[in-house]
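These notes are about the structure you will find just below.
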Amino acid sequence: MRARIICAAVLVGAALAVVASTASGGTAATNSITVWLQTDADKDNWKAIIRAATTQFQRDHPGVAVDVQFQTWGNHLQKFDATLAGGNAPDVIEMGNTEMTKYMAAGAFQDITSDRGSFANSSTWLDGLAAAGRFGGKLYGVPYYAGSRVVTYRTDLFRAAKLKVPTSLAEFTVAAKKLGARNDTRGFSPVYVAGTDWYVAMGFVYDHGGAIAKQVSGKWKGTLASPRSIAGLTAYRNFFLAASRASKTTDETHPNPYDVYAQGRAASMVGPGWFSCCVGDKYKATTGQFVMPSRTKGQPMPGFLGGSLLAVPVGANKSLAVDWIKAYTSNASMQGLRAIGNIPNTTSLLGNTVFERAARRSWFVPTAKNWVNVENGNILRNMLDQILTGKLSVRQAAKSASDNITSVLNA
């Protein structure tokens, strides 16, 4: 479920050319299927859920064996490319959400659009995961489980300032100003957010009903210059200037927010929920987490989800693969995953934990084959740099970025 885009499209294309010449469409009778899951699931309590799903699958397909193989995030794409080239790809593969687009665009997965209605809770899948499995109006990936972004904070500093957990962006802004006034040490941030952290900034855009880009008549169109997107970017600028004393031009890994927090230089930070692991021994006992609040009181701000999807590679037995995925993403399986601390793939099963409440509203980047060029070109980071430093107005920077995105996505 981590953001990894490793192999070049040309290599994927070459591998698929071999598959196209050797595969029979993946519909021939077989007595076994192979499933690739990540090592996150290689735990006793998780494997029990896998076994239960497989047992359910085998009730409908007696005699069909299921070979579940655990892969690692670091090399699973290289191994997948090799199986595509060799014509022996797995029947089901787990993919990180940010890995999907390159492979969907290259034709590595089978179209499962016609099966969508047969998957449990398909009408209530988490938006950010569901979007990652769609390409060109078709479905190629089924949401599996997610990881959300939240605010990790110093409970002691909030308590000393007599602050409650904010339930709206306005309340959070007021709290940040109060924390800043009480802790005016140079370099201390009430809310640590790196200036060009576009994952945080785009949450403000989507909170205002804006978007990065949309498809219009088969073409991509950058939409950051729309009134709603500009309102979101303006809200981000205002919040950053009021709450964060981080560099306006740095990104979210130089330094890592949790390192700043562990050094005692932040009252809170916005990022993935796992940031709580790295707050330092000194602050573990006084660290809590809450939902990043929306401009609408009581709602979470839309967040960029981490997460995994399940896909059916070309050459695989589509019918059996789809049926196994149905069993593994059933209500029973999702409830089991939730019970061991994961976020299920549907809003209908979300509980009231901080992570689950944060996952109720989410967004994903445009699933365009050239999206990686937008990231590599730092288009969003440059726009945020221009906005926060005042080099350009919000409207000017957004217009430039939108035009650039339109050009790159349609290249």
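The values are calculated or read from the model by the stated rules, or taken from the named source; none is laboratory data. In this text the structure is predicted, and so the values were computed from the model without any measurement. Note: ideal-geometry Cβ built from the backbone for every residue, glycine included; neighbour counts use all protein chains shown. Remember, those area values only see protein heavy atoms, side chains included, never the ligands or the DNA or RNA. Shrake-Rupley method; radii C 1.70, N 1.55, O 1.52, S 1.80 Å.
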Length gained if Ser118 through Lys214 is fully extended, taking 0.36 nm per residue and subtracting the Cα-Cα distance, is 31.8 nm
Whole-percent carbon and sulfur contribution to the accessible surface of the chain (1.4 Å, no ligands, DNA or RNA) stands at 50 percent
The long-range amide H neighbours of Leu305, using H built 1.01 Å from N in the peptide plane and a cut-off of under 5 Å, are Trp363
In Å², rounded to a whole number, the accessible area per residue of the chain with probe 1.4 Å is 41 Å²
Any lysines whose Cα falls less than 29 Å from that of Lys391, other than same-chain ones fewer than 8 residues away, would be Lys177, Lys178, Lys214, Lys221, Lys248, Lys399
The farthest towards the positive end of the charge dipole of the chain, of the residues His208, Ala65, Ser319, given +1 on Cβ of Lys and Arg and -1 on Cβ of Asp and Glu, is His208
Percent antiparallel among DSSP beta bridges confined to the chain, nearest 5, equals 70 percent
Computed on Cα atoms only, the convex hull of segment 183-326 has an orientation-averaged projected area in nm² of 13.3 nm²
Rounded to the nearest 10, the angle in degrees between the Cα long axis of helix 318-328 and the longest principal axis of the Cα atoms of the chain comes to 50 degrees
Packing-ranked peptide list from 382-394, 140-152, highest mean Cβ count within 10 angstrom first, is 140-152, 382-394
Cα extents of the chain per principal axis, largest first, Å, are 69, 46, 33
The size of the Cβ-based charge dipole (Lys, Arg +1; Asp, Glu -1) of the chain about the Cα centre, to the nearest 20 debye, is 1600 debye
Charge dipole of segment 75-229 built from unit charges on the beta carbon (Lys, Arg +1; Asp, Glu -1), centred at mean Cα; most positive-end Cα among Val191, Thr101, Ala181 is Ala181
Per principal axis, largest first, the Cα atoms of segment 342-391 extend in Å by 44, 30, 14
Per the Kirkwood formula over distinct C-alpha pairs, the hydrodynamic radius of segment 84-172 in angstrom is 16.4 Å
Diffing segment 67-72: the Karplus 3J(HN,Hα) column from phi (6.51, -1.76, 1.60, θ = phi - 60°), in whole Hz with x for Gly and Pro, holds 9, 8, 10, 9, 10, 10
Inter-part gap, Cα centre of segment 180-196 to Cα centre of segment 331-370, in whole angstrom, is 31 Å
CD proxy, 222 nm, the chain: helix-only mean residue ellipticity via -39,500 (n - 2.57) per DSSP H run with n ≥ 4, per residue, nearest 500, stands at -12000 deg cm²/dmol
Other residues with Cβ under 14 Å from the Cβ of Thr113 give, with Lys and Arg +1 and Asp and Glu -1, a net charge of +2
Across all Cα atoms of segment 269-373, Rg and the largest Cα-Cα distance (Dmax), in Å, are 17.4, 53
Rounded to the nearest 0.05, FRET efficiency between Ala170 and Asn31 (Cβ-Cβ, R0 60 Å) equals 0.45
Given the candidates Thr39, Trp363, Ile112, the one whose Cα lies deepest towards the positive end of the charge dipole of the chain, counting +1 at each Lys or Arg C-beta and -1 at each Asp or Glu C-beta, is Trp363
